[in-house]
Amino acid sequence: MKSFHEILESFHIAYGAVRANKVRGMLTTLGIIIGIVAVVTTMTAANGLGNRFKESISVIGSDVLFVSRTPWIFTGNFFDFRNRENLTLKDSEKLEHQLPAARAIDPRSYTTQSIKYRSKQLENITIIGATNNYILVSNAAPEYGRFLISNDIQYKKNVCVIGAEIKEQLFKDVDPVNKKIKIGRHFFLVVGLMEKQGSASFFGGPNFDRQIVIPISSMMKCFGGTNRPFDIVVKAPSTEEMSDFEYALIGEMRKIRKLTPSERDNFSINKMDTLMNAYNNVMGVVVLIGLIITSISLFVGGIGVMNIMFVSVTERTREIGIRKAIGAKKKTILIQFLFESSSICLVGGLIGLLLAFGVTKLINAFLLPASISPTIVAVALSISILVGILSGVIPAYRASRLNPIEALRYE
Amino acid sequence: MAFEIKKVTKTYKMGSEIVSALRGITMEVGNNEYLAIMGPSGSGKSTMMNILGCLDKPSSGAYFLADRDVSKMNDDQLAEVRNQKIGFVFQTFNLLPRADVFHNVELPMVYSGMSSSKRRKLAEEAIEKVGLTDRMKHKPSELSGGQRQRVAIARALVNNPSIILADEPTGNLDSATGEEIMSIFDHLHRAGNTIILVTHENDIAMHAHRIVRLKDGLIESDLLNQKHFAA
């Protein structure tokens, strides 16, 4: 009860002290405001990057495994991977036979070609050779027309399904279905248009809207059948059984590749988690560095507060003397000044947060899907109070140790 | 008994020199006494006042205030004694400039942890005793010197202390206002308070019933004021 009255009194004093020196208080607070804006914006930007990244890799699907010749993220010696054999359509067929637990298996191959419709030409378009299972393992669906069917694959038909951006650039307002486009030197009939999957390009990742899907059989027919880049995309029965399923998949692949127990895998399993982990590793460091740099501005703000607290203690030496003479204890004086410094910083933190909300809105509108989470708010406010206490503790300690007789005599 | 000091000495170090401000003072003061401590500057008057007010500790000797030996207490215990047992009235008033009259008077009770309703009641009573009820919301800067000293007296009274310690309470006031202030002290004494005046002015000291004169850190004389006992 007693300390409650003292804290209430401290609040009273802090409010009075700041009000008595408005300009000084404002300038001191400014340092903290800038620091908090910098720190909070760094955190929200990092969050935004993370959101954007998750958004872009979510197209892959969390229950999908890619069996590939090389890992997406290289770790270790590149030469261990270089001599690996490509995967083949045969591997895929065997896998489908040996791994009935898989919900879908889609062999995929890739090539980059220029495409042409009438006089319009687009360069460097990713062409994916796939089966009708493509639609089962990816999260996308055709918006218009149809997707590939097993007949297309079986009879190596020259049909294609185009991405939203390709339609936009090649056809504008023309209905693309049943039009013939030229992929490389071959004509393909457009049978469907994929829905927009969002700009998934991140750190140079694939843009799913700028792709064309054709039957894998047609790809081998038109663009060569041997030594192709090749993935087998496998959809697990459920996200929960991913790790067991991955283990089974590796086992079957080793059988298919006829590896003896002493030999290492000569293929790689890639999945969304691999990317997520790589991202987290890299971004963890980047964000940490960002926070350290922005913290410096907060630190400078804190020094400003400490400076002003020293001035405040000196100015109010007599007041401290009076308070001590009529019964304020050391602790009471200490709390009074700590309260003052942390109030300045807390107010700075609140204003800083408000401004950071604005900055985040801007980032949101133009750059990234950033947002200020309750955690960030809590962290920012705790940091402000912490800075207040840290920068107030030395001046407050000095005030609390003042000799009342000398303090009363101070002019 | 209000307080008792036994063989109190106080020595300071001033650079390399050691100064003896008090050189062995023993005295008893009963409840409801009205005492003046007098002496020329350098006599140890201020040191005496600081020790009696628990702002400073004696170098040796004992000080019993309301039956507790305060000479051995630490800083925080002394702060509590100042809060509970002593009411200060200073020459320079020493009010908080940014706080209004009410808050200045209320402050000792804030530090003793009283509830705000109780504080309000007691502060209003004390302010009424010094006749400033209509100035409750004024800042010290909006008051005259005499009014400020009344606020200080109200603040000194409010925790119902064992002694009220007034250090040159009229030193910054003109003589008419000074007399007004002194009449308040007279009144408080009649109401049962123990009052210690520290002063070098004879006129002021004559209000007291007992006058102790200090010289060179020793008691030179300790006499009853005949003015009050002649009749």
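Rolling a 1.4 Å probe over the protein chains gives B:S183 an accessible area of about 60 Å².
Leaving ligands and nucleic acids aside, the A/B contact buries around 2400 square angstrom of accessible area in total at a 1.4 Å probe radius.
Other protein chain C-beta atoms within 10 Å of residue C-beta, averaged over B:109-120: 4.
Going from the chain on its own to the full set of protein chains, the stretch B:75-90 has these residues losing 50 Å² or more of accessible surface (heavy atoms, 1.4 Å probe, no ligands, DNA or RNA): B:D76, B:R82. Calculated mean residue ellipticity at 222 nm for chain A: -19000 deg cm²/dmol, from DSSP H runs with n ≥ 4 weighted as -39500 (n - 2.57), summed, divided by the residue count and rounded to 500.
Using 0.36 nm per residue and subtracting the Cα-Cα separation, the extra length available between A:V23 and A:V393 on full extension is 130.9 nm. The distance separating the Cα centre of the stretch B:154-231 from that of the stretch A:346-411 comes to 50 Å.
Among complete DSSP H helices in chain A, those whose alpha-carbon atoms stretch at least 15 Å along the helix's long axis and whose mean Kyte-Doolittle hydropathy reaches 0.5 are A:22-57, A:272-315, A:330-366, A:374-400. Seen from a random direction on average, the alpha-carbon convex hull of the protein assembly as shown projects onto 45.1 square nanometres. The spacing between the stretch A:137-183 and the stretch A:35-111, judged by their C-alpha centroids, is 24 Å.
In this structure the protein assembly as shown gives 48 Å² per residue of accessible area when probed at 1.4 Å with all protein chains present. Once the trypsin sites (Lys or Arg not before Pro) in DSSP loops with at most 16 neighbouring Cβ atoms within 10 Å are cut out of chain A, the longest remaining piece is A:265-400.
Take every pair of alpha-carbon atoms less than 8 Å apart whose residues are at least six positions apart; their mean separation over the length of the stretch A:85-266 yields a relative contact order of 31 percent.
Checked against a 22 Å cut-off, the cross-linked pairs A:K329/B:K72; B:K6/B:K72; A:K324/B:K57; A:K116/A:K179; B:K72/B:K118 give Cα-Cα distances beyond that limit for B:K72/B:K118.
Sites listed here are GluC sites (Glu not before Pro) in the stretch A:246-283 whose DSSP assignment is loop and whose Cβ has at most 16 other Cβ atoms within 10 Å: A:E263. Taking 8 Å as the Cα distance limit and 6 or more residues as the minimum spacing, I'd like the relative contact order of chain B as a percentage. Normalised by residue count, the contact order of chain B is 28 percent. The charge dipole of the protein assembly as shown, taken about the Cα centre with unit charges on the Cβ atoms of Lys, Arg (+1) and Asp, Glu (-1), comes to about 2000 debye, rounded to the nearest 20.
Please give the Cα centre distance for the stretch B:1-20 versus the stretch B:29-53, rounded to the nearest Å. Result: 13 Å between the Cα centres. Calculated FRET efficiency, A:V300 to A:N403, Cβ-Cβ distance, R0 = 35 Å: about 0.60 to the nearest 0.05. Legend: distances between Cα atoms for A:K94/A:K255; B:K85/B:K227; A:K157/A:K180; A:K90/A:K182; pairs beyond 19 Å are B:K85/B:K227; A:K90/A:K182.
Across the stretch A:1-156, the mean sequence separation of Cα contacts (distance under 8 Å, 6 or more residues apart), normalised by length, yields a relative contact order of 15 percent.
The values are calculated or read from the model by the stated rules, or taken from the named source; none is laboratory data. The shown structure was predicted, so the numbers you read here are calculated from the model rather than taken from an experiment. Reconstructed Cβ throughout: ideal geometry from the backbone, glycine too, with neighbour counts over all protein chains shown. These accessible areas exclude ligands, DNA and RNA; they are computed on the full protein's heavy atoms, side chains included. Shrake-Rupley method; radii C 1.70, N 1.55, O 1.52, S 1.80 Å.
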